[in-house]
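Quick notes on the structure that follows.
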Amino acid sequence: MSEDDDRSPPLDLRGADIAESSNKTRNCSGVSGSGVPGPGPGPSSMEFQAPYPDQVLENVLENVLQFLSSRRDRNAASLVCKSWCRVEALTRSELFIGNCYSVSPRRATVRFARVRSVAIKGRPRFADFNLMPPDWGAHFAPWVAAMASAYPWLEKVYLKRMSVTDDDLAVLAESFPSFKELVLVCCDGFGTSGLAIVASKCRQLRVLDLIESEVADDDMDWIACFPENGTTCLESLIFDCVECPINFEALERLVARSPSLKKLRLNRFVSIGQLYRLVVRSPQLTHLGTGSFSAAEGPAQGEPEHDYLSAFAACKSLVCLSGFREILPDYLPAIRPVCANLTSLNFSYANINAEQLKSVVLHCHKLQSFWVLDSICDEGLQAVASTCKDLRELRVFPFDAREDSEGPVSEVGLQAISEGCRKLQSILYFCQHMTNAAVVAMSQNCPELEVFRLCIMGRHRPDPVTGQPMDEGFGAIVRNCKMLTRLAVSGLLTDRAFGYIGKYGKLVRTLSVAFAGDSDMGLKYVLEGCPRLQKLEIRDSPFGDAALRSGLHHYYNMRFLWMSSCRLSPQGCQGIARELPRLVVEVIRDEVAEHKDDAVDILYMYRSLEGPRDDAPRFVTILQ
Amino acid sequence: MSPENGRHLLESDATGLNFKETELSLRMPGETRSGAIEVGAKAGMKRGFSQTVDLNLGRSNDECHEKVRQKSESDGLDVAKPPAAKIIPENFSTHIDFQGAASGWPPVRAFRKNVMKSGKFVKVAADGAPYLRKVDLEMYNSYQQLLSVLENLFVLLPYSYVFPICNCLNEKEPITDTANGLEYVPTYEDKDGDWMLVGDVLGTGPVHVRDNYGQEEGLTCPTMGWIRHFFYNEEGSPTTYHNKWIETERFFRISTIKEAVKL
């Protein structure tokens, strides 16, 4: 297969293939990757056969379908008939696997033969919060092995919550000569050795993005492993999550010979003095992660104070700023020149107060995405609300992430944001103090909300002003925000809240529930009322077997259901497994407790074409 | 963990360990099971469930209570089992860790929590001590100050060089089995394979507290769990804890700052 094979070649070269296809068995999953029309044994030896009408249609279809980019559209097209299914499979170049266990690597690579870009998601999200033992699974190894033979022209790999080893990275680096983009989000299992292999062997590498991943420190100087000579193709290098020092001189040289570099996000081991040296060399950057934004530790190097202001002023293209991992607020004014152009600002590691924030954010009129720590208090949020009229996404993280912490932001900040940022689409808000009134106000002021995630950190907390549960607030959100697709609830919630969600949350795809509800009815309302529900994660809520049964009609439509510390029994879960054979029902034991009673710690179930996986660790039981 | 494990136990088979006593549960801050104020309880810890809005939860509430009672009664004979880190409060089997927080709550990823830590924590190992401690170097102005703090962390009694006492920083009291003076403190194994005492870094704790501890009387390091301290007096028999200074040469190994901060 060559790169030019995206289009199907003209009819007269496909004689060999036509003869093959006259056999009318068109089983989509049986289409092999080698069905690609090629030059064949030479034009002179081919007999010309008039293409039959179906073949013409298929060729036309192929030429048309290759323009289809949305995977949902493609999924729909593939259901029309077997012919469409096969053609769609041949023209799909981006493969998205939402749950790595829902389909086997072999089945996926057999059906989709011409894939250039693969995205795979693994672990359930609640695993991020240590709710289940590590080593649950989601290994990249079988995928990379299958792709190594099936997709020699693979260019892009995107993984989220997968376990990736250094060996996997080695296979990747060695198997795909055209490899261009590697994005690892919330992954683990690899170290700087794996990065070194990728850096040295992937000569076409344009993108190496490590986002919120855990990278082991093998003492390997991976930055120095990029090829030393000539220019690189690097456009994006993101490594702010790498918790080990890097060879700065090598990085400086790398940046100097990467003229296409647009995105650079440094880790906290890069001091502000070093940042300066990089920024002055690359004023073309559009995305910058500043590293520590603080002076280097240890004895003073005798560095002169740099003109940080001019360095940033030269960055005319900068639109996205992040980092500030150990910020020295004295340096904050240096970023003033870029504020007016910023569309994205991430201060979520910067322990700054309202005044310090205001000195910057009051100039950020174009800001669309803002991540920040609650150290800015309600006052800081009010400043954001007054300035950032174009804000689409807001995330407020807790500086002190404990249940009984102070909580410097509250309903006051939320109210202000709702009044000032009418175009808000997505919000994640951690707080201790929240009222129904403020949530209702947001539902009314921000009709474009698609993502509403409110985390009241104290469990079971009612509205502090009225003493009521938070039912009405979340009810207003689902009722008024007609585009809502993702919802996370918290605070004291009764079944009524879930009644609202079931009644009004018709577009909700993702729902996160913790410490909420009174009875089985809560879960029933949701499972019976939300037809678009795909991902449901519940912890510590009183939902039991009867509630679980109420979703039998819907589980095949879902990507997964997670329920931990609820009221499920093994018998109840077994019943589901028996009635839905295509559902993999995992009961995961949290190893903390020695269970003599029969409560189910964690239920994690998902549809799958493959049946029980064979790599389940000993603390996972798959019911059948 | 059953008494049949073949371990040589110092306590008698009749349990002096009041299992209910050692079991953590959800209640008002500072309150013990009997309602009295508990020594060392952290003020302002999470409220008991009953303090929240009174919900009519029906029969299921009582059933759960019954389950809790039955569990602790049947487990009472199992002397060897350390107190389970998992508790069963009124309604749910929420996992509560040693510091009283629900596990994985609030839902902030560990790396985000860790990077918010200030301070320069280093791991300190003392020869002969079964586990390591962490100290924040930023808190001390001089080496002498640091040294005196370190000496407080590791205190040796005569004849107890095999099981030295480790003084809990921040005045956390270990959980005591009053019958025979055995004490429990929570420990865990960190990423480097070192055996650490929980709680030296405020607001953090073990990711998973597993239910397997000390296989023999030796310095075998459990993965995580509760370990027992044996306190000997001069005659070599176990006794209750008391603090006693020893003139002795101490050597402290201090690991690098870089490794110490992560849990």
| field | Number of positions in region A:256-294 that are open to solvent by 10 Å² or more (accessible area, probe 1.4 Å) and over 25 Å from residue A:348 (Cβ atoms) | value | 9
| Considering residues of region A:214-252 that are closer than 24 Å to residue A:325 by Cα and in a helix (DSSP H, G or I) only, the residue farthest from the other protein chains (Cβ to nearest Cβ) | A:252
| Just for region A:311-335: of the residues that are modelled with pLDDT of 95 or more, out of contact with any Ser or Thr (no Cβ under 7 Å at 6 or more places or on another chain) and open to solvent by 20 Å² or more (accessible area, probe 1.4 Å), which one is nearest to residue A:391 (Cα to Cα)? | A:316
| request: Test residue A:178 against the stated conditions and say whether it is crowded, with 20+ Cβ neighbours inside 10 Å and either more than 26 Å from residue A:282 (Cα to Cα) or touching a residue at least 12 places away in the same chain (Cβ under 8 Å) (or both). | output: no
| note | In region A:125-164, residues that are touching a residue at least 60 places away in the same chain (Cβ under 8 Å) and within 12 Å of chain B (Cβ to nearest Cβ) total 6
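Assess whether residue A:132 counts as being at pLDDT below 95 and open to solvent by less than 20 Å² (accessible area, probe 1.4 Å).
Working: at pLDDT below 95: yes; open to solvent by less than 20 Å² (accessible area, probe 1.4 Å): yes.
So residue A:132 passes the test.
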| Only one of these conditions is not met by residue A:371: (1) under 28 Å from the mean Cα position of the chain (by Cα); (2) more than 20 Å from residue A:292 (Cα to Cα); (3) surrounded by fewer than 19 Cβ atoms within 10 Å (Cβ to Cβ). Which number is it? | (2)
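Suppose we keep only residues that are among the charged types (D, E, K, R) and under 28 Å from residue A:429 (Cβ atoms) within region B:93-148. Which one would you say is modelled with the lowest pLDDT? Reasoning before the result, please.
Going through region B:93-148, the residues among the charged types (D, E, K, R) turn out to be B:97, B:109, B:112-113, B:117, B:120, B:123, B:127, B:133-134, B:136, B:138.
From what is left, the residues that are under 28 Å from residue A:429 (Cβ atoms) are B:97, B:109, B:112-113, B:117.
Numbers: B:97: 56, B:109: 89, B:112: 84, B:113: 77, B:117: 59.
Filtering region B:93-148 for residues that are among the charged types (D, E, K, R) and under 28 Å from residue A:429 (Cβ atoms), the one modelled with the lowest pLDDT comes out as B:97.
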| said: Contact list please: Cβ distance under 6 Å, first residue in region A:347-367 and farther than 10 Å from residue A:387 by Cβ and more than 14 Å from every other protein chain (Cβ to nearest Cβ), second residue in a helix (DSSP H, G or I) and open to solvent by 70 Å² or more (accessible area, probe 1.4 Å), pairs at least six apart or on different chains. | reply: A:354/A:379
| said: Can you say whether residue A:519 is open to solvent by less than 10 Å² (accessible area, probe 1.4 Å), more than 24 Å from the chain's Cα centre (by Cα), within 14 Å of chain B (Cβ to nearest Cβ) and of a type in the set (S, T, N, Q), as far as the supplied structure shows? | reply: no
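Checking the conditions here, which among A:526, A:513 is open to solvent by less than 30 Å² (accessible area, probe 1.4 Å), part of a helix (DSSP H, G or I) and either more than 28 Å from residue A:424 (Cα to Cα) or of a type in the set (A, V, I, L, M) (or both)? Can you show your working first?
Details: A:513 fails: part of a helix (DSSP H, G or I).
Criteria check complete, one pass: A:526.
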| remark: Within region A:203-213, residues being within 13 Å of residue A:182 (Cβ to Cβ) and within 13 Å of chain B (Cβ to nearest Cβ) number 3
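List the strands (runs of 3 or more DSSP E) inside region A:554-624, counting only whole elements, that have at least 3 residues being open to solvent by 10 Å² or more (accessible area, probe 1.4 Å). Walk me through it before giving the result.
On the way: elements: A:560-564, A:583-588, A:602-607, A:620-623.
The strands (runs of 3 or more DSSP E) meeting that bar are A:620-623.
Can we say residue A:110 is within 20 Å of the chain's Cα centre (by Cα) and closer than 23 Å to residue A:87 by Cα? Working first, answer last.
Working: within 20 Å of the chain's Cα centre (by Cα): no; closer than 23 Å to residue A:87 by Cα: yes.
The answer is no for residue A:110.
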| request: Scan region A:253-284 for residues that are among the small types (Gly, Ala, Ser) and either within 22 Å of residue A:295 (Cα to Cα) or within 14 Å of chain B (Cβ to nearest Cβ) (or both) and jot them down. | output: A:271, A:273, A:282
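Let me confirm something: among A:171, A:183, which residue is touching a helix residue (DSSP H, G or I) at 6+ places or on another chain (Cβ under 6 Å), surrounded by fewer than 21 Cβ atoms within 10 Å (Cβ to Cβ) and β-branched (Val, Ile, Thr)? Write out each step before concluding.
On the way: A:183 fails: touching a helix residue (DSSP H, G or I) at 6+ places or on another chain (Cβ under 6 Å).
That would be A:171, the only listed residue that is touching a helix residue (DSSP H, G or I) at 6+ places or on another chain (Cβ under 6 Å), surrounded by fewer than 21 Cβ atoms within 10 Å (Cβ to Cβ) and β-branched (Val, Ile, Thr).
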| task | Within region A:470-488, track down each residue that is touching a helix residue (DSSP H, G or I) at 6+ places or on another chain (Cβ under 8 Å), under 19 Å from residue A:515 (Cβ atoms) and open to solvent by 10 Å² or more (accessible area, probe 1.4 Å). | result | A:472
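Listed residues A:78, A:93, A:69; which is under 25 Å from residue A:532 (Cα atoms), open to solvent by 20 Å² or more (accessible area, probe 1.4 Å) and among the hydroxyl-bearing types (Ser, Thr, Tyr)? Steps first, answer last, please.
Numbers: A:78 fails: open to solvent by 20 Å² or more (accessible area, probe 1.4 Å); A:93 fails: under 25 Å from residue A:532 (Cα atoms).
Just one listed residue meets the conditions, A:69.
Restricted to region A:414-465, and to residues that are among the charged types (D, E, K, R) and more than 14 Å from every other protein chain (Cβ to nearest Cβ), which residue is farthest from residue A:482 (Cα to Cα)?
Taking region A:414-465 as the starting set, the residues that turn out to be among the charged types (D, E, K, R) are A:419, A:422-423, A:448, A:450, A:453, A:459, A:461, A:463.
Subset that is more than 14 Å from every other protein chain (Cβ to nearest Cβ): A:419, A:422-423, A:448, A:450.
On the way: A:419: 18, A:422: 15, A:423: 14, A:448: 8, A:450: 8 Å.
Looking at the filtered set, the residue picked out is A:419.
The values are calculated or read from the model by the stated rules, or taken from the named source; none is laboratory data. Nothing here was measured: the structure is a model prediction, and the numbers come from that model. Quick reminder, even Gly has a Cβ in these numbers, built from the backbone with ideal geometry, and neighbours come from all protein chains shown. Surface areas here come from the heavy atoms of the whole protein model, side chains and all, with no ligands, DNA or RNA. Shrake-Rupley method; radii C 1.70, N 1.55, O 1.52, S 1.80 Å.
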